[in-house]
1. Can you find even one residue in the range 180-191 that is charged (D, E, K, R) and either over 30 Å from GLU27 (Cβ atoms) or at pLDDT below 95 (or both)?
2. Check VAL145 against each of (1) open to solvent by 30 Å² or more (accessible area, probe 1.4 Å); (2) closer than 24 Å to THR35 by Cα and name the one condition it does not meet.
3. Among the residues of the range 214-226, which ones are touching a Leu at 6+ places or on another chain (Cβ under 8 Å) and either farther than 19 Å from ARG246 by Cβ or β-branched (Val, Ile, Thr) (or both)?
4. Restricting to the range 101-110, give me the number of residues that are open to solvent by 60 Å² or more (accessible area, probe 1.4 Å) and either hydroxyl-bearing (Ser, Thr, Tyr) or under 26 Å from LEU9 (Cα atoms) (or both).
5. Being surrounded by 14 or more Cβ atoms within 10 Å (Cβ to Cβ) and closer than 19 Å to THR48 by Cα narrows it down to one of LEU241, LEU265, LEU191, LEU201, so name that one.
6. Of the residues LEU79, LEU86, LEU97, LEU43, which is crowded, with 21+ Cβ neighbours inside 10 Å, touching a helix residue (DSSP H, G or I) at 6+ places or on another chain (Cβ under 6 Å) and over 30 Å from LEU209 (Cα atoms)?
7. Which condition number in (1) at pLDDT 95 or above; (2) exposed (fewer than 13 other Cβ atoms within 10 Å of the Cβ) is the one that GLU211 fails?
8. Could you run through the range 168-214 and say how many residues are among the hydroxyl-bearing types (Ser, Thr, Tyr) and in a helix (DSSP H, G or I)?
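The values are calculated or read from the model by the stated rules, or taken from the named source; none is laboratory data. Predicted, not measured: the structure shown is a model, and the values here were computed from it. Virtual Cβ from ideal backbone geometry, glycine too; neighbours counted across all protein chains shown. What goes into the accessible areas is simple: the full protein's heavy atoms, side chains included, and nothing from ligands, DNA or RNA. Shrake-Rupley method; radii C 1.70, N 1.55, O 1.52, S 1.80 Å.
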Amino acid sequence: MADRLARTLSADGTVRGLAAVTTELVEEARVRHGTLPTATAALGRALTAGLLLGGLSKADERVSLQWSGDGPSRPQTHLPARAGKLDVGGAVGRGVLCVMRIPLGEASPYRSIVPLVSGEIGTDVASYLAGSEQIPSVVGVGVFVHADGRVGAAGGYLLQAMPGADAGAIDRLEENVGAAPPPSDLVRQGLDAPAILARLLAGFPTRVLEEQALRFQCRCSRERVEAAIIAMGRAELIDVLAHERRAEVVCEFCGARYVVEEAALRALVPGS
């Protein structure tokens, strides 16, 4: 099943939802970062949550999410299961979630920092939406990892009760979510993004507003790497040339490796 994101809105405009299938995207992230199962689940949930939150954003801004916890969450993290599931909360630990909304123009980014509720990713994002944006939300994200470490299914949903939603609608929404299996199980059952929304919003007349394909993509480039090298300053660049004779840069977001050989490195030295 191809990775896709779908958005929907109830006929009366009081409930909106987004759902995503992210299996291929999360598997690519796993391969790029060489993660073990618990770290794969944490990374996949965070990527899916970021996509869902980004789906609520304006067209002229980017969204950045950063979990900072005291757990051992690193690419090689794999903890014993808890209640039969990968212990993402244990890997992330206690800490904070920082959400940055970054306008594409010259305006300063908007930053919001909230305490982690559980480190399980979905509840942390729901807490951010309720506290910082004052919108009651349900966020579910999940990743199923095969015994050999490969990602078998990944996806999630974000549902919101908008102004004007009555208590009955909120109760029905909570019942639907409570009766549904985890997001990764919905994907394993063969449900695509619109079908996940239809399952969770049963009883609400809705229409799909938009559906789009998803893929893994990083904003890094050789040009940005060269700009970062120039920012090191003349003295440090000369030192690198004297000892290493080339520069090697690895993108922390996607794992892409860039090598700047001696001739190209010399051309970047200010005043050369």
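1. Residues of the range 180-191 that are charged (D, E, K, R), as a first pass: 185, 188.
Filter once more, so that each one left must be either over 30 Å from GLU27 (Cβ atoms) or at pLDDT below 95 (or both): none.
Scanning the range 180-191, I find no residue that is charged (D, E, K, R) and either over 30 Å from GLU27 (Cβ atoms) or at pLDDT below 95 (or both), so the answer is no.
2. All conditions are met except number (1).
3. So the first thing to find is which residues in the range 214-226 are touching a Leu at 6+ places or on another chain (Cβ under 8 Å), and the list is 214-216, 226.
Passing the criteria: LEU214, ARG215, PHE216.
4. Filtering the range 101-110 for residues open to solvent by 60 Å² or more (accessible area, probe 1.4 Å) gives 104, 106-110.
After this cut, where a residue has to be either hydroxyl-bearing (Ser, Thr, Tyr) or under 26 Å from LEU9 (Cα atoms) (or both) as well, the list is 108, 110.
Total satisfying the criteria: 2.
5. Result of the check over LEU241, LEU265, LEU191, LEU201: LEU191.
6. Values: LEU79 fails: crowded, with 21+ Cβ neighbours inside 10 Å; LEU97 fails: over 30 Å from LEU209 (Cα atoms); LEU43 fails: over 30 Å from LEU209 (Cα atoms).
Just one listed residue meets the conditions, LEU86.
7. (2)
8. Here is the first cut: in the range 168-214, the residues among the hydroxyl-bearing types (Ser, Thr, Tyr) are 184, 206.
From what's left, in a helix (DSSP H, G or I): 184.
Residues in the range 168-214 being among the hydroxyl-bearing types (Ser, Thr, Tyr) and in a helix (DSSP H, G or I): 1 in total.
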